[in-house]
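Presented below is the structure to which this report refers.
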């Protein structure tokens, strides 16, 4: 692994984590992270979009003029998200029915235009694809943590409704972490998302200072 | 950074738009039929979830009329009406509209109810989905004549239907909407099967 590759990966996963450090993409992050499975669904879709948009922006970077780069990024990202939505609707209909609502939300994720601007428009295709993957995984990691915290505190379970993503067999995956738990509504509602994210960012900062 | 003339910038935005819109429309045309197919199949599946497919023999998905706010699918066996499936929408939920599918037999029994679409609170109001709990099945086999009694309400209002902890508004909205739709069917049976 070259030094450069190493930097791209640690940046995406930790140093410049889009959700916990850059604080980008909070709209979909806070809206969808009420269960682990929802988080996983949005994480996969966001990672895919990041890789594709970074790849497209990087491969066309020679034709993008500095003055008009933002409208062009918006165009490309909206196009990619629409195409992903159509393809899923056609060939992964069951998955689309559960993930479908998250897909348009991805357009509101500024992390994607952020990576296009900061990285993909200035780098070659391979590093850009890798950057998309690393940033996507970092974002998914924060999403999953947030989803797990909110699901355990809010409903006392983990992996409930796994069948939405993994089919009927996954129905038994649900883990009752807290038995006879009556639930805590606050954690499932938007204020709970803000509080949990605040705690996560604080924890990340504690680690960062120690380093 | 050297400045670009506005005309050349505009030309480039236009060119990019053209290419990207072209890509999207290509994919749209390639997937159009498949998506329509999926949606037709999903409609059939949801119709069959509120009415046993063995009870009718007509092309249910296409034997459809629009009466006031209701879309009504008419089920017949050898030409005789056996049941109707109505879609209805209520805005009395916690957040946005709830769309329901309601099957009623000619004997005045509810053959099934399903929620087609809603935006209720995840983890609370969304227990109305059959995927999450089987609350919605509590309407099955209930009779239209039950609807006029005071029992046709959630428990908190003195009725027979469960509410969910922390969410009463959502089930109450559905209980009331099922009643409204059921009574509508009762009063308009003749017109529906004309």
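Can you name the residue in the stretch A:161-205 that is more than 17 Å from residue A:36 (Cβ to Cβ) and in a loop (DSSP other than H, G, I, E, B) and is also farthest from the other protein chains (Cβ to nearest Cβ) among such residues? Restricting to residues being more than 17 Å from residue A:36 (Cβ to Cβ) and in a loop (DSSP other than H, G, I, E, B), the top hit is A:179.
Inclusion of residue B:35 among residues that are surrounded by 14 or more Cβ atoms within 10 Å (Cβ to Cβ) and not in a helix (DSSP H, G or I) is not warranted. Scanning the stretch A:90-126 for residues that are out of contact with any helix residue (DSSP H, G or I) (no Cβ under 6 Å at 6 or more places or on another chain), farther than 14 Å from residue A:48 by Cα and part of a helix (DSSP H, G or I) turns up A:91, A:94, A:95, A:97, A:110, A:114, A:117, A:118, A:122, A:126. Of the helices (runs of 4 or more DSSP H) that lie entirely inside the stretch A:1-71, those containing 1 or more residues that are at pLDDT 85 or above and more than 12 Å from the chain's Cα centre (by Cα) span A:3-10, A:36-59.
Can you tell which of B:149, B:121, B:89, B:165 is at pLDDT below 95, surrounded by 18 or more Cβ atoms within 10 Å (Cβ to Cβ) and either on the phi > 0 side of the Ramachandran plot or out of contact with any helix residue (DSSP H, G or I) (no Cβ under 6 Å at 6 or more places or on another chain) (or both)?
Residue meeting the stated conditions: B:121.
Are any of the residues in the stretch B:7-25 within 15 Å of the chain's Cα centre (by Cα) and either loosely packed, with under 15 Cβ neighbours inside 10 Å or not in a helix (DSSP H, G or I) (or both)? Looking for residues that are within 15 Å of the chain's Cα centre (by Cα) and either loosely packed, with under 15 Cβ neighbours inside 10 Å or not in a helix (DSSP H, G or I) (or both), one finds none in the stretch B:7-25, hence no. Look at (1) assigned to a loop (DSSP other than H, G, I, E, B); (2) more than 14 Å from chain A (Cβ to nearest Cβ); (3) farther than 21 Å from residue B:53 by Cα and you find that residue B:120 fails only one, number (2).
Could you list, in sequence order, the residues of the stretch B:70-98 that are in a strand (DSSP E or B), more than 20 Å from residue B:188 (Cβ to Cβ) and under 11 Å from the mean Cα position of the chain (by Cα)? B:98 - this is the single residue of the stretch B:70-98 that is in a strand (DSSP E or B), more than 20 Å from residue B:188 (Cβ to Cβ) and under 11 Å from the mean Cα position of the chain (by Cα).
The residue of the stretch A:65-93 that is nearest to the other protein chains (Cβ to nearest Cβ), among those that are touching a residue at least 24 places away in the same chain (Cβ under 8 Å) and either farther than 19 Å from residue B:15 by Cβ or buried (at least 19 other Cβ atoms within 10 Å of the Cβ) (or both), is A:76.
The values are calculated or read from the model by the stated rules, or taken from the named source; none is laboratory data. Quick caveat: nothing in here was measured; it's all calculated off a predicted structure. Cβ atoms come from the backbone with ideal geometry, glycine included; neighbour counts cover every protein chain shown.
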